[in-house]
1. Picking from ALA20, ALA24, which residue would you name as being free of Cβ contacts under 8 Å to residues at least 24 places away in the same chain, within 29 Å of ALA71 (Cβ to Cβ) and over 10 Å from the mean Cα position of the chain (by Cα)?
2. Considering only residues of the range 16-32 that are surrounded by 15 or more Cβ atoms within 10 Å (Cβ to Cβ) and of a type outside the set (A, V, I, L, M), which is farthest from the ligand (Cβ to nearest atom)?
3. Could you give every pair whose Cβ atoms fall below 7 Å, whose first residue belongs to the range 63-84 and is part of a strand (DSSP E or B), and whose second residue is at pLDDT below 95, counting only separations of at least 6 or pairs across chains?
4. Can you find a residue that is touching a His at 6+ places or on another chain (Cβ under 8 Å) and either within 24 Å of ARG51 (Cβ to Cβ) or not in a loop (DSSP other than H, G, I, E, B) (or both) anywhere in the range 199-211?
5. Against the condition touching a residue at least 24 places away in the same chain (Cβ under 8 Å), outside any helix (DSSP H, G or I) and within 20 Å of the chain's Cα centre (by Cα), how does ALA120 come out, does it pass?
6. Among residues belonging to the range 140-189 that are surrounded by 14 or more Cβ atoms within 10 Å (Cβ to Cβ) and in a helix (DSSP H, G or I), point out the one that is farthest from the ligand (Cβ to nearest atom).
Amino acid sequence: VAATRTTIRRIPKRTVTDRAQMEAILDEGIVAHVGFVHDGAPFVMPTGYVRDGERLLLHGSTASRLMQALAAGADACITVTLLDALVLARSAFHHSMNYRSVVVFGRATPIEGDEAKMAALATYMERLVPGRWDEARRPNRKELAATMVVELPLVEWSCKQRAGPPADEPEDMAWPAWSGIVSLALHAGKPEQDPTQSPKKPAPGHVAQWQPNRRRA
Ligand SMILES: Cc1cc2nc3c(=O)[nH]c(=O)nc-3n(C[C@H](O)[C@H](O)[C@H](O)COP(=O)(O)OP(=O)(O)OC[C@H]3O[C@@H](n4cnc5c(N)ncnc54)[C@H](O)[C@@H]3O)c2cc1C
């Protein structure tokens, strides 16, 4: 099989080919970094996203350069990274990080028409915080007009993962430096009600129980 731009060349044993694993990483992530070239210069912009089946949905202001470039069909590279641990080896060289990451290449298409845009925004909000769309005020005409939504097909992707303890050289195993991993994870804190809101009320279940890895597309 010929190598493509999604073929992982560096440490290929870390390649993940299972689509379900790749999708689970996208479903746990919240922020993507979108790379594209605009007027000859590279940009890598952080932005929110959700996976909806076999596409990624991104949205933003119609005034955003990122959204305009995507809507115009720019060749894009979208990366999602979940950082799982610092890997502290005996040797400086073998220090590393445990992670799960996905790189998606492709061109986005704008979602046109008020109805389709509204549906895509509902999907976006429901994937990010299930239960939220029914509670929030829906976008009005002006807000809808000011918002661009694009979809990008999940076709050309790669997925890479490092897990486990450090991988030191055999001759370093007796070196006295502490060796191991420090795990890292994104957790939702206790919800804090807007101080300007009254009456005070507890957060609803969909807020109180929200965790990044509990979402499902
Ligand atoms: C949290 C984190 C920390 C990292 N720290 C370092 C570091 O300090 N130094 C370092 O050299 N590398 C680090 N990496 C790995 C880095 O992402 C690259 O995989 C590596 O540098 C090889 O780059 P390359 O251009 O030679 O990749 P190649 O293997 O040539 O890439 C070919 C193709 O493989 C795919 N690919 C490559 N890397 C990834 C990836 N991470 N996720 C999904 N698809 C991928 C892409 O489709 C890419 O086009 C880190 C990764 C993560 C997620």
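The values are calculated or read from the model by the stated rules, or taken from the named source; none is laboratory data. Everything quoted here is computed from the prediction, not taken from an experiment. Neighbour counts are summed over all protein chains in view; Cβ atoms, including those assigned to glycine, are modelled from backbone coordinates with ideal geometry.
1. On the way: ALA20 fails: within 29 Å of ALA71 (Cβ to Cβ).
Just a single option satisfies the conditions, and that option is ALA24.
2. ASP27
3. Hits for this filter: zero, empty list.
4. Initially, the range 199-211 is screened for residues touching a His at 6+ places or on another chain (Cβ under 8 Å), giving 211.
This time we only want the ones that are either within 24 Å of ARG51 (Cβ to Cβ) or not in a loop (DSSP other than H, G, I, E, B) (or both), so: 211.
Yes, the range 199-211 has at least one match.
5. On the way: touching a residue at least 24 places away in the same chain (Cβ under 8 Å): yes; outside any helix (DSSP H, G or I): no; within 20 Å of the chain's Cα centre (by Cα): yes.
In short, no.
6. This residue is LEU144.
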